[in-house]
Each structure stands twice: as C-alpha cells, then as structure tokens.
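The values are calculated or read from the model by the stated rules, or taken from the named source; none is laboratory data. Note that this is a predicted model, so its numbers are computed, not measured. Neighbour counts are summed over all protein chains in view; Cβ atoms, including those assigned to glycine, are modelled from backbone coordinates with ideal geometry.
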C-alpha cells in the first residue's frame, strides 16, 4: 500500500450535508447518535480548539469522517486520566460500498503515524465493545485494548497506540 494514500482536510460548512448523509447510513447510524445532534456537534467543532473535524479523502474523493480531540482541553472529559499529550480519535467510513475493505484501518494507521511524527505520544480510540468490525479495523491499525469503561458517551472498549510501538 503506498504511503500517504489518504488526505485529511478540515471539515467546512459545505461538507455538513454529505456528513449528514453518511450519519444516516445504517452502518454509521448504528454507532453514532441522532444525525441532527451529531451534525450540530460537528458544525460546532469547525472552529473548536479541542476537537479537529476532518474529511478523509482517497484520490480527492471524500470517503469518511475523522475527528481528533484532546481530552485535556475539555472540562470533565472522561479520558483525562490518559497521559498529557494523548489525543483521541473517532472515524467512520461514509459510503457503504467502501466499508469492510480496509480503508478505515489504513486511513487510521496513516493519520496516527502523522500524529506521532508531530510528537503526539499516544492516541486512543473508544469503540463500543459490541462493534466487532471497528475493533478489528483498529487492531489492524496497531491499536490494543487496555480498558473497558462506561461514560457519558456510553460503553467503550478503550484502545491505544503509543509512539514507538511496532
């Protein structure tokens, strides 16, 4: 697989209808909250300091949504016990025909490698423990489970990848 195969660009207002369409897809809707609530939150993150909403592109085509966040910049975030400098990520591949063919794990691996190159020491991700497809993809991207939690975001299998691993 070629390096830097994916591009990550900031979400703009113009992307919100496309993201809303993805959030309505059954493979995404199953794991995200109500699309209207989520779109309002994503729109609010466009100018946020603590959350960076991004579009994953493959050869110029938008194929997914990814957000990175710093739990230490959000009041009362449940993951503030992670080492300082840790970033969290969430992602979804939008078009149903692109799910299950390796884009999620490959894009996540590339994005995390870029974060490590910038000095991020640890990246965490928190899939629902019942989301076996996501957990497999995150394992393929180099993440390992370290805890199971329940928080305001619901049940979470805490997974991490640390700089210098592998």
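Side notes on the structure shown:
- Among (1) buried (at least 18 other Cβ atoms within 10 Å of the Cβ); (2) part of a loop (DSSP other than H, G, I, E, B) - the single one residue 123 does not satisfy: (2)
For (1) touching a residue at least 60 places away in the same chain (Cβ under 8 Å); (2) under 16 Å from the mean Cα position of the chain (by Cα), each residue gets a yes or a no:
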residue	(1), (2)
60	no, no
68	no, yes
77	no, no
89	no, yes
96	yes, no
134	yes, yes
147	no, no
151	yes, no
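- Only a single item in (1) buried (at least 16 other Cβ atoms within 10 Å of the Cβ); (2) touching a residue at least 40 places away in the same chain (Cβ under 8 Å) is not met by residue 156, and it is number (2).
- Unmet criterion (only one of (1) surrounded by fewer than 17 Cβ atoms within 10 Å (Cβ to Cβ); (2) touching a helix residue (DSSP H, G or I) at 6+ places or on another chain (Cβ under 8 Å); (3) under 21 Å from residue 164 (Cβ atoms)) for residue 128: (3)
- Here the stretch 142-160 is the region considered, the condition is being at pLDDT 95 or above and assigned to a loop (DSSP other than H, G, I, E, B), and the residue that is nearest to residue 76 (Cα to Cα) is 143.
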